[in-house]
1. Given the residues A:LYS309, A:LYS324, A:LYS341, which is the only one that is touching a Leu at 6+ places or on another chain (Cβ under 9 Å) and among the basic types (Lys, Arg)?
2. With respect to the numbered conditions (1) surrounded by 17 or more Cβ atoms within 10 Å (Cβ to Cβ); (2) assigned to a helix (DSSP H, G or I), which one is the sole condition not fulfilled by A:LEU186?
3. Which one of these does B:GLU33 not meet: (1) surrounded by fewer than 18 Cβ atoms within 10 Å (Cβ to Cβ); (2) at pLDDT 80 or above; (3) under 39 Å from the mean Cα position of the chain (by Cα)?
4. Among the residues of the stretch B:166-184, are any under 26 Å from B:VAL80 (Cα atoms) and among the aromatic types (Phe, Trp, Tyr)?
5. Within the group B:ILE283, B:ILE326, which residue is under 23 Å from the mean Cα position of the chain (by Cα) and either hydroxyl-bearing (Ser, Thr, Tyr) or in a strand (DSSP E or B) (or both)?
6. Quick check on this structure: which one of A:LYS316, A:LYS238 is among the charged types (D, E, K, R) and either crowded, with 19+ Cβ neighbours inside 10 Å or at pLDDT below 95 (or both)?
7. In the set B:GLY167, B:GLY150, B:GLY120, which member is small (Gly, Ala, Ser), closer than 17 Å to B:ILE314 by Cβ and surrounded by 16 or more Cβ atoms within 10 Å (Cβ to Cβ)?
8. Which condition from (1) in contact with an Asp or Glu (Cβ under 7 Å, 6 or more places away or on another chain); (2) surrounded by fewer than 24 Cβ atoms within 10 Å (Cβ to Cβ) is the one that B:TYR301 breaks?
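The values are calculated or read from the model by the stated rules, or taken from the named source; none is laboratory data. Remember, it's a predicted structure, so these values are computed and weren't measured experimentally. Don't worry about glycine lacking a Cβ; one is built from the backbone with ideal geometry, like all the others, and counts go over all protein chains shown.
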2 protein chains.
Amino acid sequence: MEKPTIADVAKYAGVSITTVSRVINNNYPVKEETRQKVEEAIKALNFKPNYLARSLIGKSTHTIGVIVPSITNLFFPVVVKGIEKICNQKAFSLFLCDTDGKEESERTQMQNLLEKQVDGVLVIDPRYENIENGFYEECAKKIPLVLINGYHRGIRCNFVLNDQEMGALQALEYLIKMGHRDIAFLRAKNSYSYDIKEQIYYETLKKHQIPVKEENILVIESGNGLETVELAIHAVQKRLEQSEIPTAIFACNDWMGVGVMQAAKKMGIAIPKDLSVIGYDNIVISEISEPKLTTVDQNMYSLGKASAKLLLDIIKHPTQGFQKIILDTNLIVRDSCTSPKNK
Amino acid sequence: MEKPTIADVAKYAGVSITTVSRVINNNYPVKEETRQKVEEAIKALNFKPNYLARSLIGKSTHTIGVIVPSITNLFFPVVVKGIEKICNQKAFSLFLCDTDGKEESERTQMQNLLEKQVDGVLVIDPRYENIENGFYEECAKKIPLVLINGYHRGIRCNFVLNDQEMGALQALEYLIKMGHRDIAFLRAKNSYSYDIKEQIYYETLKKHQIPVKEENILVIESGNGLETVELAIHAVQKRLEQSEIPTAIFACNDWMGVGVMQAAKKMGIAIPKDLSVIGYDNIVISEISEPKLTTVDQNMYSLGKASAKLLLDIIKHPTQGFQKIILDTNLIVRDSCTSPKNK
């Protein structure tokens, strides 16, 4: 039982190999009658066109590349799941590339994907440096490309973004409306997303004529993953040992939020009675913490779906101009915030 | 600036296209002098061989497929990260296929990967049905294939497994050594991995002449993900409302372990003073729970690395027989277990 070849199909249908190829790739007009003969032959012989050969003749490999800083972060797998959902519907396969958050690796992986002749590339949370140095603008000229989150001001490229300004604003307005006027801000170093939130923090406090206290800006070394919890505990404990403690803390992500809660517990400070905490991202740990953490939902799944849809659209219609799609965020009210005691 | 073709390289080097192809694919002896000329030409023209064409000529696409039940589960991304690590070193790219845990989708994704002509396939936690019905045994005849965890008794296929029997034994012996003789067992339905643990539970209790109480076997509907915590809380609360409560609970995974702790807290039962809890898997939530959950480490990262290494080895040496690699598990002692009060 040898595998049938394109030559067998041609012979069976009584047409040339070229004609069979045209029917398979649908890239050249063929008489309806001839098409039917070829399709019958394909069916009768159970012929499966060689995918790679078809890709060489046709223009599409039906593959896309997805570059992520780390697949073990709790945020990115949900984005990838959203991407997978859409790609699966359209019969596109995903190359998954994990960069360990290294800018060098991001560029190598991109090169690798170009060699694999993927139809397009999605980059989740691209490194600031590769946006700044023009790398992605150059890539966007060569291949359909969508960047997910990341720095985007003035960059000529397709983006799908969460409205992080809105998210930070929602969180802060929520605390201020409850009566908080002594709100600490907890961030990690070196991330555009924390920069945005810090800026909104200053703006929102100013708008409400709340003075910013220098000691209320807490900065830890690293923001993503388990080590963040320990770093946050340490930084927050140091702050809570001071004489006047804030009534609320806005943490730039849920890892930090969990750290705040654990620091407070260690010091006998009740949450939310003595201290309100709000997180950001709505990753799974925010739902299993005690009390459950109030946070901002980043719509990770929608983010993945929207970016995959945009990419497939660009692949189909490559001449359209660049665009930025910005998704709304939502405050998820749970149990970690309440009005301050002495408002 | 046209892209250079293989013909340009041949012309520049003064050799035939066939010779250039032989050098690129390294599939036929070429005189050292000629090889050097061709390599110089490739460098001078900055020629990049067309990947797809090279794949057609050569035998390898340098891609492998990874099939996972769900990339958003906390367990699987770490396995994928281990796989990525090894593949990246060897310049293999990963196709990621998410099946949503559906056996039908597992088969479709496998078919898709075969059409993409991947060099091999890894399946994490394959569905019992597709192992039982012979699907994977058939696949293993067609393509290098390694299954990670999953039912394997008498199945002719390559496996990389965690020693779940050892893990369950370690957890139970640890509790018994502390003096526990009233140990409940919490599992979900329909998983081979829970079946193994339940069997070890019966065997170990028998070995220590501890009678099994029917009311100590707790079964919930679904075992993977956030909903498991709620289901576990509910099942455990019902058990803890009874007159005689166990002194320890062995939960089949960390989600369930967290559920046990939350149920106990809701009922004012202190952990570990009034109730010891042990989980399984060592996913990230076991480290941020309070108290920190004692659990069994599944070596997820090593599991990924070992399976990728095995697969690449099979791709290189396809004639070797099937094998099963079984990795040891390790008990991770944290803060959720202590000796029972009335031992």
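1. Going through A:LYS309, A:LYS324, A:LYS341 in turn, the sole match is A:LYS324.
2. (2)
3. (3)
4. No, the stretch B:166-184 contains no residue that is under 26 Å from B:VAL80 (Cα atoms) and among the aromatic types (Phe, Trp, Tyr).
5. Details: B:ILE283 fails: either hydroxyl-bearing (Ser, Thr, Tyr) or in a strand (DSSP E or B) (or both).
It is B:ILE326.
6. After applying the criteria, what remains is A:LYS316.
7. Of B:GLY167, B:GLY150, B:GLY120, the one residue that is small (Gly, Ala, Ser), closer than 17 Å to B:ILE314 by Cβ and surrounded by 16 or more Cβ atoms within 10 Å (Cβ to Cβ) is B:GLY120.
8. For B:TYR301, the failing item is (1).
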